[in-house]
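In what follows, a structure is listed as structure tokens, so that the remarks can point back to it.
The values are calculated or read from the model by the stated rules, or taken from the named source; none is laboratory data. Note that the structure is a prediction, hence the values are computed from the model and not measured. As a convention, Cβ positions derive from the backbone with ideal geometry for all residues, glycine included, and neighbour counts pool all protein chains shown. These area figures cover heavy atoms from the full protein model, side chains too; ligands, DNA and RNA do not enter into them. Shrake-Rupley method; radii C 1.70, N 1.55, O 1.52, S 1.80 Å.
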Amino acid sequence: MAITKREEEIIKKSFQQKTWNDIKTHDSWSVFKIMSEFVEGMDRLSNIGPCVAIFGSARTKPEDPYYKLATEIAEEFTKLGFGIITGGGPGIMEAANKGANQGKATSVGLTIRLPFEPHGNIYIDPDKEIAFNYFFVRKTLFMRYAQGYIAMPGGFGTLDELFEALTLIQTDKMVDFPVVLVGKEYWGGLIQWLRDRLLSHKMINESDFDMFHLVDTKEEAVAIIKAFYEKYALKPNF
């Protein structure tokens, strides 16, 4: 079977002239680069105050209803004393940072260094944009410094963040906190697939569906996270 052009490019990059010593040296330096990203990220994020993380597609346009909804949800959270953390890019991330900006609250952008996204969106606080080379470092810091997760419609990146959070909650590797999926029409098919496939094959338990909430409105999304902290007499991580 013929390989695709993308596969051909990957093979070329993988088999460039490198000795085993080159590979080991590169790996050693990577450890220090990874450590430096963790140290800088933790140092800067430890002072941001309580924030809700909002995820979603970078491809969502300003005229899309979900862009408007993400902005409204973010601004609504500012009224409760929360700031907003996003991946710092365009689309839903921009919309959420915009909502935080409009609510005069903390607006954090954890950007990833990509050739087609040279900098974060304009609504991030200038001193709260942190750029990363490694997706997994950024994802770890999202988990550590968010008091709740809002998943708007998105693609592979959004799914990656969502299932990472659910896995860590399921396995008690992370403190249980609210995970909210916004858009019943968008997420409904995925949730039904989880029931039809994963649950029916006993890959997950019925109780695992209690780890997240499916909503359509900003009022529902905000109320779930607000109720969580009131129910358990907890306060966001000030």
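List of remarks:
- Shown for the chain is the translational diffusion coefficient from the Stokes-Einstein equation, using the Kirkwood radius over Cα pairs, a temperature of 37 °C and a viscosity of 0.692 mPa s: 171 µm²/s.
- Accessible surface of the chain [probe 1.4 Å, protein heavy atoms]: carbon and sulfur percent: 57 percent
- Rg to Rh, two decimals, where the range 85-213 supplies the alpha carbon set and Rh follows Kirkwood: 1.00
- Computed E for residue 206/residue 172 - FRET, C-beta separation, R0 25 angstrom, nearest 0.05: 0.90
- In terms of distances greater than 24 angstrom between alpha carbons, the cross-link table entries 104/218; 98/173; 61/184; 61/226; 202/231 yield 98/173; 61/226; 202/231.
- With all protein chains kept in place, the per residue accessible area of the chain amounts to 59 square angstrom at a probe of 1.4 angstrom.
- Amide H within-cut-off set for residue 213, under 5 Å, with H built and near neighbours excluded: 179, 180, 181
- Computed over the range 20-114, the ratio Rg/Rh where both radii use C-alpha atoms and Rh is Kirkwood: 1.15
- With both labels modelled 7 Å from their Cα along Cα-to-Cβ, the residue 34 to residue 102 distance reads 4.0 nm.
- Global size of the range 83-145 as Cα Rg and Dmax, reported in angstrom: 10.8, 31
- Oblate is the label for the range 39-87. Its Cα gyration tensor axes, ordered a ≥ b ≥ c, give a/c of at least 1.5 and b/c at or above a/b.
- Rounded to the nearest 20, the size of the Cβ-charge dipole of the range 89-153 about its Cα centre is 180 debye, with Lys and Arg at +1 and Asp and Glu at -1.
- Positive-pole candidate from 45, 194, 224, dipole of the chain, charges at beta carbon: 45
- Taking amide H as placed 1.01 Å from N in the peptide plane, residue 88 has its amide H under 5 Å from the amide H of 110, each at least 5 places away in sequence or on another chain.
- Each Lys and Arg Cβ is given +1 and each Asp and Glu Cβ -1; about its Cα centre, the chain then shows a dipole of about 400 debye.
- Across the range 101-114, rounded Karplus estimates of 3J(HN,Hα) from the backbone phi angles (6.51 cos²θ - 1.76 cosθ + 1.60, θ = phi - 60°) give 4, 5, x, 6, 10, 4, 10, 9, x, 9, 7, 10, 6, 10 Hz, Gly and Pro being marked x.
- Taking every DSSP bridge with both residues inside the chain, close to 5 percent are antiparallel.
- The chain, helix-only ellipticity at 222 nm - DSSP H runs n ≥ 4, -39,500 (n - 2.57), divided by all residues, nearest 500: -15000 deg cm²/dmol
- A DSSP coil position with no more than 16 other Cβ atoms inside 10 Å describes the following trypsin sites (Lys or Arg not before Pro) in the range 159-216: 173, 202.
- Highest-MSF residue in the chain out of 167, 106, 71 [GNM, Cα springs under 10 Å]: 167
- For the chain, the longest principal axis of the C-alpha atoms and the axis of helix 135-145 are separated by about 30°.
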